[in-house]
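The values are calculated or read from the model by the stated rules, or taken from the named source; none is laboratory data. All values reported here derive from a predicted model rather than from experimental measurement. As a convention, Cβ positions derive from the backbone with ideal geometry for all residues, glycine included, and neighbour counts pool all protein chains shown.
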There are 2 protein chains.
Amino acid sequence: MDAALLYSGGKDSTLAALSLDPFYDVTLVTGTFGVTDDWRHARSAADRLGFPFRTLDLNATVAADAVDQMLADGYPRNGIGAVHDHALERAADLDVAAVADGTRRDDRVPSLSRAEARSLEDRRGVDYLAPLAGFGRGAVDRVVDGRLDVTAGPSESVPSADYEAELRALLADREGPDAVADVFPDHEQTRVRGPRP
Amino acid sequence: MDAALLYSGGKDSTLAALSLDPFYDVTLVTGTFGVTDDWRHARSAADRLGFPFRTLDLNATVAADAVDQMLADGYPRNGIGAVHDHALERAADLDVAAVADGTRRDDRVPSLSRAEARSLEDRRGVDYLAPLAGFGRGAVDRVVDGRLDVTAGPSESVPSADYEAELRALLADREGPDAVADVFPDHEQTRVRGPRP
């Protein structure tokens with residue numbers, strides 16, 4: 001069975017890929033609005049891990065609405081959640097049995113409720129999988145440690161390799177660089193370079 | 001890292017075992033009050049799947065309280081939930097980095113809330129893993145199909161190989177066989193015989 005996993009190149013979505021690998025033919029997919037080429041970091045990680053990779057073209061209107069939402073809210077959660085939902089819908093357009101993401105138990109965003117998960121499954125005729133939904137942050141760190149070569153740092157120096165980096169760029173472009181710091185709390189990103197040598 | 005997975009011999013906990021296997025040294029553990037020997041079915045499945053197995057002695061007082069609770073409620077959810085919590089605590093007594101169960105996304109029982117999961121982890125110094133928490137019933141069925149040899153049927157003909165069968169026996173012993181039908185709704189159990197030949 002084919003599964004498309006939303007992939008940021010970080011440790012959560014990489015561990016999600018390794019978790020699904022025994023049960024699915026997993027393709028790693030990274031959504032892009034065409035704003036930056038940060039998705040290339042995800043492709044590099046996918047290559048080194050030996051997974052097929054493709055980008056998903058996301059709708060520019062969704063990006064503009066997400067930036068509006070984040071500016072209105074003063075925090076990124078709802079805007080990022082809307083883009084995540086859109087990316088899952090685009091992944092469901094592919095010819096796959098399942099769409100998946102790297103949401104952890106403790107994540108507040110992006111995260112589908114049970115009702116949203118069932119709605120996606122019923123409307124689109126795919127299974128929705130969140131293989132890390134039953135793992136806390138500590139467990140993920142302990143499993144990843146020793147298995148993956150990971151860089152970590154603040155989002156400015158280790159940008160996420162998915163739409164989050166593009167949303168930050170759009171926000172900076174529209175409202176100036178200070179707006180990014182106002183909306184996005186300090187946050188450590190991880191980027192997987194590949195399996196640990 | 002060692003993990004102890006609560007194991008009923010059914011398809012959910014078996015798929016949970018296969019999911020954790022690449023990341024942990026998994027031991028399958030089945031709680032018993034010493035009331036029936038249904039746990040032997042779980043041991044058979046564990047043997048055929050090639051996982052280490054052990055029983056966990058559960059406290060008879062917890063069983064008696066659970067039967068009281070189920071009779072008072074008229075349904076089994078809270079009683080079974082209390083026994084599940086107790087079994088996880090007993091699993092955490094083992095020398096393991098993680099305790100785990102086969103809870104699915106759509107399960108109402110047994111299921112820990114995020115707060116209960118964190119409490120278990122903080123109090124006992126273990127990770128709590130629910131590798132199927134992000135899988136719906138359909139996805140589990142599709143992954144299991146073709147991979148495992150599964151028998152399915154009503155609970156009377158295919159009893160669960162864990163404490164649920166013992167709770168039914170205790171209830172029947174105390175209140176008569178009709179009490180079991182009153183408290184437990186019709187429910188299909190699955191039992192894994194082993195890998196699909």
Given (1) within 18 Å of the chain's Cα centre (by Cα); (2) surrounded by fewer than 19 Cβ atoms within 10 Å (Cβ to Cβ), B:Pro197 misses just (1)
Please go through the range A:51-85 and pick out each residue that is of a type in the set (Lys, Arg) and closer than 21 Å to A:Ala117 by Cα. A:Arg77
Determine if the range B:147-160 includes at least one residue that is surrounded by 24 or more Cβ atoms within 10 Å (Cβ to Cβ) and in contact with a Phe, Trp or Tyr (Cβ under 8 Å, 6 or more places away or on another chain). no
Qualifying residues in the range B:142-171 (those that are over 16 Å from the mean Cα position of the chain (by Cα), in a helix (DSSP H, G or I) and in contact (Cβ under 8 Å) with a residue 40 or more places away in the chain) - the one nearest to B:Val183 (Cα to Cα): B:Leu171
With A:Arg168, A:Arg123, A:Arg193, A:Arg174 as the choices, which residue is modelled with pLDDT of 95 or more, farther than 29 Å from B:Leu112 by Cβ and more than 10 Å from every other protein chain (Cβ to nearest Cβ)? A:Arg123
Please find, within the range A:105-120, the residue that is farthest from A:Thr30 (Cα to Cα) out of those that are facing chain B (nearest Cβ under 7 Å) and crowded, with 19+ Cβ neighbours inside 10 Å. A:Arg105
Considering only the range A:53-75, I want to know if a residue exists there that is touching a helix residue (DSSP H, G or I) at 6+ places or on another chain (Cβ under 8 Å) and within 10 Å of chain B (Cβ to nearest Cβ). no
Filter pass, B:Gly102 being surrounded by fewer than 18 Cβ atoms within 10 Å (Cβ to Cβ), within 13 Å of another protein chain (Cβ to nearest Cβ), closer than 29 Å to A:Leu120 by Cβ and in contact with a Lys or Arg (Cβ under 9 Å, 6 or more places away or on another chain): no
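Residue-wise test of (1) of a type in the set (D, E, K, R); (2) in contact (Cβ under 8 Å) with a residue 40 or more places away in the chain; (3) buried (at least 17 other Cβ atoms within 10 Å of the Cβ).
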site: A:Asp38; (1), (2), (3): yes, yes, yes
site: A:Thr61; (1), (2), (3): no, no, no
site: A:Gly74; (1), (2), (3): no, yes, no
site: A:Gly81; (1), (2), (3): no, no, yes
site: A:Asp85; (1), (2), (3): yes, no, no
Do we have any residue at all in the range B:78-88 that's within 14 Å of chain A (Cβ to nearest Cβ) and farther than 25 Å from B:Thr151 by Cα? yes
